[in-house]
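Structure record follows, encoded as structure tokens.
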Amino acid sequence: MSILSRRDTDRIARHAACADEARWLHPVQQALVHRRGWLRMLAPRALGGQELALPDVVRLEEALARVDGSLAWTVTLCAGAGWFAGFLDPDLAHAILATKRVCLAGSGAPTGHADRDGEGWRIDGRWDYASGAPMATHFTFNAILRDGGRPLLDDAGQPRMQAFVVPASLVRIVPNWRTMGLRATASHAYEVRDQWVHARHGFTIDPLAARAEGPLYRFPFMAFAFVTLAANVAGMGEHFVDLAMATIAQRRDRFNGGGTLIETAAVRAVLDGARAGLDEARGRLYALLDSTWELAAAGSPVDAHDAARLQSLAMGWVSASRRAVDTLYPYCGLTAAREDSEINRVWRDFQTGSQHALLMP
């Protein structure tokens, strides 16, 4: 059975070009995301989430990215922020997840401050790249902790950082997302200025600090981040390869009669090589992810070695995707350079997603 139904695939794909032009997900796409509960899929089941197995989530995100990169990226980043519910005060997490059409967006960069103020913190700062910002009901971010204007220090003498979640009513979106790809993610900046929140809005992303039971919240954050982001980039890469094969076939049929196109067998070898590289990298990543998850589900901690291997294989999958896209693009002709073509949109999405800080080579 397919991870993504044909009906859902068609609904997403039908509005992808329109969403790209409008620079935000189409209302039909948004409604589908909420109806399927994809933004809750990593949140604790006991608090109103779906708490899906991580390998199932990664495969779904890859499948979504193979249809529309912007929708997949938004789902991945916002569902990833929903995963933080497992580290929040349970009462607060339950209230957040009970919000109608709940959506958490955010940024990991510590570009703000939290000053101690009574039983809470006074927040001030600005953060970039909140995918899904227009539909966010809550925002997450990291902030440097201060007391009396002076940074609080950890045991190593470094400024202490903490994650926070706040309602969208405390946030001002700064519309500045002007990239060539992933346009419909609307990954705008946002700021919080001189707003007080109770201390329970702060949380620590660490398996030892998880407030929810279950293997999802014992999984190392960096390994989690790498595999989910890699699935998006790889899914977009696979979509490009599919479209490139069709585009190259059309060029061959159009020009071969005049003897002007590259010999068919040589082109086929390039296509097959690109696909084989992607398949091999994909298989290696999922083999380790599945076995690691099986151990985690049985109660075993994910050790540092397996976490590092997952990150390495995720990067290998991204690298294989880059090679495939870069190899096939020159064979696609001007069709791939037309802004209004599907293959160009997928290429733009791929190039933009692969620029994520964690995925830099």
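The values are calculated or read from the model by the stated rules, or taken from the named source; none is laboratory data. This is a predicted model, so every value here is computed, not measured. Because the Cβ atoms are built from the backbone with ideal geometry, glycine has one as well, and the counts that use them run over all protein chains shown. Ligands, DNA and RNA are stripped out before the accessible areas are found, and what is left, the full protein with its side chains, is counted by its heavy atoms. Shrake-Rupley method; radii C 1.70, N 1.55, O 1.52, S 1.80 Å.
Do we have any residue at all in the range 58-72 that's over 19 Å from the mean Cα position of the chain (by Cα) and either part of a helix (DSSP H, G or I) or crowded, with 16+ Cβ neighbours inside 10 Å (or both)?
Among the residues of the range 58-72, not one is over 19 Å from the mean Cα position of the chain (by Cα) and either part of a helix (DSSP H, G or I) or crowded, with 16+ Cβ neighbours inside 10 Å (or both), which makes the answer no.
Just checking, how many residues over the range 317-344 are out of contact with any Phe, Trp or Tyr (no Cβ under 8 Å at 6 or more places or on another chain) and open to solvent by less than 30 Å² (accessible area, probe 1.4 Å)? Break it down into steps so the answer makes sense when it comes.
In the first step, residues of the range 317-344 are kept if they are out of contact with any Phe, Trp or Tyr (no Cβ under 8 Å at 6 or more places or on another chain); the result is 317-320, 322-323, 326-327, 330-335, 337-342, 344.
Narrowing further to those that are open to solvent by less than 30 Å² (accessible area, probe 1.4 Å): 317-318, 320, 332-333, 341, 344.
Total meeting the criteria: 7.
Has the range 265-286 got any residue that is farther than 28 Å from GLY181 by Cβ, open to solvent by less than 20 Å² (accessible area, probe 1.4 Å) and β-branched (Val, Ile, Thr)?
Among the residues of the range 265-286, not one is farther than 28 Å from GLY181 by Cβ, open to solvent by less than 20 Å² (accessible area, probe 1.4 Å) and β-branched (Val, Ile, Thr), which makes the answer no.
Check whether at least one residue in the range 97-113 is surrounded by fewer than 24 Cβ atoms within 10 Å (Cβ to Cβ), at pLDDT 95 or above and assigned to a strand (DSSP E or B), and report yes or no.
Within the range 97-113 (the criterion being surrounded by fewer than 24 Cβ atoms within 10 Å (Cβ to Cβ), at pLDDT 95 or above and assigned to a strand (DSSP E or B)), the answer is yes, since at least one residue qualifies.
Which numbered condition in (1) open to solvent by 10 Å² or more (accessible area, probe 1.4 Å); (2) more than 18 Å from the chain's Cα centre (by Cα); (3) among the hydrophobic types (A, V, I, L, M, F, W, C) is the only one that MET222 fails?
(2)
Assess whether ALA46 counts as being of a type outside the set (Ser, Thr, Tyr), farther than 30 Å from THR352 by Cα, touching a residue at least 40 places away in the same chain (Cβ under 8 Å) and in a helix (DSSP H, G or I).
Details: of a type outside the set (Ser, Thr, Tyr): yes; farther than 30 Å from THR352 by Cα: yes; touching a residue at least 40 places away in the same chain (Cβ under 8 Å): yes; in a helix (DSSP H, G or I): yes.
Against the criterion (of a type outside the set (Ser, Thr, Tyr), farther than 30 Å from THR352 by Cα, touching a residue at least 40 places away in the same chain (Cβ under 8 Å) and in a helix (DSSP H, G or I)), ALA46 qualifies.
Identify the residue in the range 345-361 that is buried (at least 19 other Cβ atoms within 10 Å of the Cβ) and among the small types (Gly, Ala, Ser) and, among all such residues, is farthest from SER70 (Cα to Cα).
Taking the candidates together, the pick is SER354.
If you scan the range 334-357, which residues turn out to be in contact with a helix residue (DSSP H, G or I) (Cβ under 7 Å, 6 or more places away or on another chain) and in a helix (DSSP H, G or I)?
Within the range 334-357, THR335, ALA336, ALA337, GLU342, ILE343, ASN344, ARG345, VAL346, TRP347, ASP349, PHE350, GLY353 qualify.
Which one of ALA79, ALA17, ALA53 is open to solvent by 40 Å² or more (accessible area, probe 1.4 Å) and at pLDDT 95 or above?
Exactly one residue qualifies, and that residue is ALA17.
Scan the range 147-190 for residues that are open to solvent by less than 40 Å² (accessible area, probe 1.4 Å), among the hydrophobic types (A, V, I, L, M, F, W, C) and outside any helix (DSSP H, G or I) and jot them down.
Within the range 147-190, LEU152, ALA163, PHE164, VAL165, VAL166, VAL171, VAL174, TRP177, LEU182, ALA186, ALA189 meet the criteria.
Read through the list (1) at pLDDT below 95; (2) touching a Ser or Thr at 6+ places or on another chain (Cβ under 8 Å); (3) within 23 Å of GLU342 (Cα to Cα); (4) not charged (D, E, K, R), then give the number of the only condition that ASN256 fails.
(3)
Given (1) among the polar types (S, T, N, Q); (2) outside any helix (DSSP H, G or I); (3) open to solvent by less than 50 Å² (accessible area, probe 1.4 Å), where does GLN30 come up short, assuming only one miss?
(2)
Show the residue pairs that are 6+ apart or on different chains and have beta-carbon atoms under 8 Å apart, the first residue being within the range 307-323 and more than 19 Å from VAL241 (Cβ to Cβ), the second being assigned to a helix (DSSP H, G or I) and open to solvent by 30 Å² or more (accessible area, probe 1.4 Å).
Within 8 Å, the pairs are ALA307/MET222; GLN311/MET222; LEU313/ARG284.
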